[in-house]
Amino acid sequence: MLRIHFTDADLARTRVASRPDPLWEIVTSLYRLQTRSGRRGHAHWYRLARRRLVERGLARAVRTVLLPFFPRGVYLPDFLTPAESEHGLEEGLEAILACPPSRVRAETALLARTSPAPLPLRVDAPEPRRELVALMRAYHEAVLAPVEEELRAVVEAERSLRLRDLLDGGVGGMLTGLGPGTRLQGSVLSVRYPGADRDLRLAGRGLRIVPSRFCRDTPITLADPTLPPVLVHPPGNAAGNRGMTRGPGDGAPCGTGDHPWSGTRRGTDGAGDAPLAVLLGRTRAIALHAVETGATTGEIARAAGVSCSAASRHAGALRNAGLVNSNRCGTYVLHTLTPAGAALLRAASGERTPPDPPPHADGGGVRSP
């Protein structure tokens, strides 16, 4: 069990990541490659990962170099997941390169004592560390960059879920919604965690909560309690699955099972006007606007002035077009925008979508032992 001790200042500084953390996605996706558990929920990604690693000549290097540094179920060196990675992949990799050799040496020595496989590189030295970083970059570009939109959609959906929990149950509701077995007693959040019980005292630093598409079963935190606190956790309710195989109207009746949020949602007035309505039709344009900050099927119905069954069909059409994700939350279904849906709304309102940074050169110089 992990016990996280909050102060009032910590509650004020606790936040949910606004986008995927690339280094933590590297960690959790490598964990997934080391077990058959949960493969059904990641079947498409497994096929993509195997194919692209072979095509790029990375399969052996990942198996013999990366996996020993990221073994599942044992100690993970903290220097491999620096806080700077919340700003992007390159920022995180630069922080790894800049880590003091003494710290790298101490953490890899601890890993060597706990890992079942010998470490293939002495990464306290500059050149081997650059080799490891190049391989991490190449791995990310091969198997994570192609699903970047899906990773972003998971984070956006999780932020909407946490907002719902916050509105319904306050900060305590948001924190206990992070997963099964999570409970708040006074100012201490208890989280199901492998290994020996431990305490993390935030001491006014706050907590960064990072949803990860590939995290499964239990959250992950840093080994060193003096580092900026972070809690990486599996996506709630939807278990990280993209969309649903059932329609959003399946399950509880729309009028009784949907989450109550009265009135038409802000920003939907006039949503049926051109140009979005010309593309989607007036009702679906309103539905897409309603989903902007998360909406249940019933809320879409109220915003668009249609029945719940019609709202379910419209949400399904938007989901099939790749504009909306639908995640079951207990007795109701929450619809959130995909990155494509958000980009479409921005374009319709005249906002420019910031360009993605140019991709880094494919990890040249990676040595396959």
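The values are calculated or read from the model by the stated rules, or taken from the named source; none is laboratory data. From a predicted model like this one, the values you see are computed outputs, not experimental measurements. Quick reminder, even Gly has a Cβ in these numbers, built from the backbone with ideal geometry, and neighbours come from all protein chains shown.
Regarding Leu110, is this residue of a type outside the set (Ser, Thr, Tyr), farther than 20 Å from Val147 by Cα and not assigned by TED's automatic domain parsing to the domain that holds Leu163?
Yes: the conditions hold for Leu110.
Conditions (1) surrounded by 21 or more Cβ atoms within 10 Å (Cβ to Cβ); (2) assigned by TED's automatic domain parsing to the domain that holds Gly177; (3) touching a His at 6+ places or on another chain (Cβ under 6 Å), marked per residue:
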{"site": "Leu11", "(1), (2), (3)": "no, yes, no"}
{"site": "Leu48", "(1), (2), (3)": "no, no, no"}
{"site": "Gly73", "(1), (2), (3)": "no, no, no"}
{"site": "Glu91", "(1), (2), (3)": "no, no, no"}
{"site": "Ile96", "(1), (2), (3)": "yes, no, no"}
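For Glu84, indicate whether it is in contact with a Ser or Thr (Cβ under 7 Å, 6 or more places away or on another chain) and assigned to a helix (DSSP H, G or I).
For Glu84, the condition - in contact with a Ser or Thr (Cβ under 7 Å, 6 or more places away or on another chain) and assigned to a helix (DSSP H, G or I) - is not met.
Mind checking which residues of the range 1-45 are free of Cβ contacts under 8 Å to residues at least 12 places away in the same chain and either closer than 14 Å to Arg213 by Cα or assigned to a strand (DSSP E or B) (or both)?
The answer is Arg39, Arg40, Ala43, His44.
Tell me, which residue of the range 198-225 that is more than 14 Å from Ile4 (Cα to Cα) and basic (Lys, Arg) is nearest to the chain's Cα centre (by Cα)?
Arg213
Collect the residues in the range 95-117 that are under 18 Å from Thr81 (Cβ atoms), touching a helix residue (DSSP H, G or I) at 6+ places or on another chain (Cβ under 7 Å) and not in a helix (DSSP H, G or I), keeping them in residue-number order.
Residues satisfying the conditions are Cys99, Ser115.
Within the range 46-77, can you find the residues that are within 17 Å of Leu119 (Cα to Cα) and in a loop (DSSP other than H, G, I, E, B)?
Within the range 46-77, Phe70, Pro71, Arg72, Gly73, Val74, Tyr75, Leu76, Pro77 qualify.
If you take the residues in the range 184-222 that are basic (Lys, Arg) and surrounded by 14 or more Cβ atoms within 10 Å (Cβ to Cβ), which one is nearest to Trp24 (Cα to Cα)?
Arg213
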